[in-house]
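> Here you go, one structure.
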Amino acid sequence: MAKDWLGNDLSTTDSATVQAINDFSEGLLAYETKAGNVIAAAEADPDSAMANAYAALAYMFLESPEAGGMAKSYLERAEAAKGATRREAMNIAAVRAWHAGDVPGAIRIGNEIADEFAHDLPMVKLTQYHEFNLGNAPGMLRVAEKVAEANSDLSHMHGLSAFAYEQCHLLSDAEASARRAIELKRKEPWAHHALAHVLITQGRIDEGIDFLEDVSETWTDLNSFMLTHNWWHLCLNYISKGRYDEVLKAYDTHIWGADKSYSQDQIGAVSLLLRLELVGVDVGDRWQDVAQHMKGRTEDFVQPFLTMQYVYGLARAGAPETEAMMENLKAFVGQAPAFVQDAWVNVAEPACEALVAHARGDHETVVRKMGSAIARIVEIGGSHAQRDLFEQVLLDSVIRTGRYSTAQQMLEMRRGYEPCSVPNNDKLAAVYQNLGLPREAAQAQARVTRVMSEAR
């Protein structure tokens, strides 16, 4: 019996199939394009349980309504394969549960696999992915901790732990795990990503820029998500320092264009363009290009976090598909899966209405709709840094509707963890001026001047 690179038993004995299985499992953990090699291997070896299960999984990660149909034949072949090991059968069951829309079932099976097969890190990764999309950070940490000791020599394990710790706000543990991962392997982009989260959360902006710029040379052979997303994180730091021209350059060079058809690339583009506009940057006609690639998303409700950004991108570009998507959303939420229906009805739908209103300049509606959704925004998935976009949208509308006292509270809370942010202090200067507090306005403006002079 063959084994994969992690030491897990495989029912296949074909060396080419084993190599493709390894390419997928390591590529999944390392976010490398070689993960896609398993699809050709599954075609060449239709009797391989694991190759076909992984091929199905590769298509499911497309995060689109079409993904299930593309994965179907591979999943059926995996289920029909003879001689599958117990671990392989459990993997197939986890993929089947996801394919059937039973994400809680997939999470349960993933935890069972972690209990019994401590070296099945791809299933740990998949389980974390599902928990992340449900906003369950402790669930991400729980499955990682089941297998952490058994895989303490692997950089990928420390990367998995680091992001789970960070999402649980356990920042010291997150930093230690991320740095241990990078110590074991410098090219560990998921650990780079986790550390980027820690640094910006703690307001260590210069350190974040230096770190990400330094390790960016290792971002080779990555899939479009990991490549564009780590550059996106670097751009968040640039925005904080008021280096907006560099953000536009990174957007055009590294963020929009890797794979314009992919869900994560699309929402990364939407998020960054909106953040730039929220700090007063003219992004030109870039919205139109992004919207052009999202026009087919009007019935895409795979994840609320994704849908919210699709609808904003369409609305901001003035695309007529916006209305169709909102109508389809209203029809969908009533029949959404039970385990996420409340999040769709009470968080995602009002948030989508708020986002469309913001794109159209209706800021009173934003305050009302996003104001009700924001307290539960964690339920729609995404990371802290990603969901912060929606708080920034609310803040923008609070200011634009003249609610300066509320804006002052929101901005000073933000300044608590990012004291030198150019955008936050720019906004504070204007807010304090409108509140009749010129001394505080001058102090905020002085902070902006100091950061900008240092940059020069």
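The values are calculated or read from the model by the stated rules, or taken from the named source; none is laboratory data. Bear in mind that the values here come from a model prediction, so they are computed numbers and not experimental data. Virtual Cβ from ideal backbone geometry, glycine too; neighbours counted across all protein chains shown. To get the accessible areas, we keep the full protein, side chains included, count just its heavy atoms, and leave off ligands, DNA and RNA. Shrake-Rupley method; radii C 1.70, N 1.55, O 1.52, S 1.80 Å.
> Please state which one of G296, G313, G318, G334 is out of contact with any Leu (no Cβ under 7 Å at 6 or more places or on another chain) and either among the β-branched types (V, I, T) or on the phi > 0 side of the Ramachandran plot (or both).
Only one candidate qualifies: G318.
> Kindly state which helices (runs of 4 or more DSSP H) lie completely within segment 380-456 and contain at least 1 residues that are open to solvent by 20 Å² or more (accessible area, probe 1.4 Å) and of a type in the set (V, I, T).
Of the helices (runs of 4 or more DSSP H) lying wholly inside segment 380-456, those with at least 1 residues that are open to solvent by 20 Å² or more (accessible area, probe 1.4 Å) and of a type in the set (V, I, T) span 384-400, 404-417, 438-455.
> Can you pull out the residues in segment 62-88 that are of a type in the set (D, E), open to solvent by less than 20 Å² (accessible area, probe 1.4 Å) and within 23 Å of the chain's Cα centre (by Cα)?
E63
> Additional query: Taking interchain pairs and intrachain pairs at least six residues apart, which have beta carbon atoms under 8 angstrom, with the first residue in segment 257-278 and surrounded by fewer than 19 Cβ atoms within 10 Å (Cβ to Cβ) and the second β-branched (V, I, T) and in a loop (DSSP other than H, G, I, E, B)?
Hits for this filter: E277/V283.
Yes/no matrix, rows are residues, columns are (1) surrounded by fewer than 24 Cβ atoms within 10 Å (Cβ to Cβ); (2) in contact with a Phe, Trp or Tyr (Cβ under 6 Å, 6 or more places away or on another chain); (3) among the small types (G, A, S); (4) modelled with pLDDT under 95:
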residue: V95; (1), (2), (3), (4): no, no, no, no
residue: G101; (1), (2), (3), (4): yes, no, yes, no
residue: F117; (1), (2), (3), (4): yes, no, no, no
residue: Q128; (1), (2), (3), (4): no, no, no, no
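> Which of the helices (runs of 4 or more DSSP H) contained wholly in segment 130-244 include at least 2 residues that are open to solvent by 30 Å² or more (accessible area, probe 1.4 Å) and of a type in the set (V, I, T)?
Correct list: empty, since no element meets the threshold.
> Among the candidates D23, D47, D9, single out the residue that is open to solvent by less than 30 Å² (accessible area, probe 1.4 Å), modelled with pLDDT of 95 or more, more than 18 Å from Y129 (Cα to Cα) and not small (G, A, S).
Just one listed residue meets the conditions, D23.
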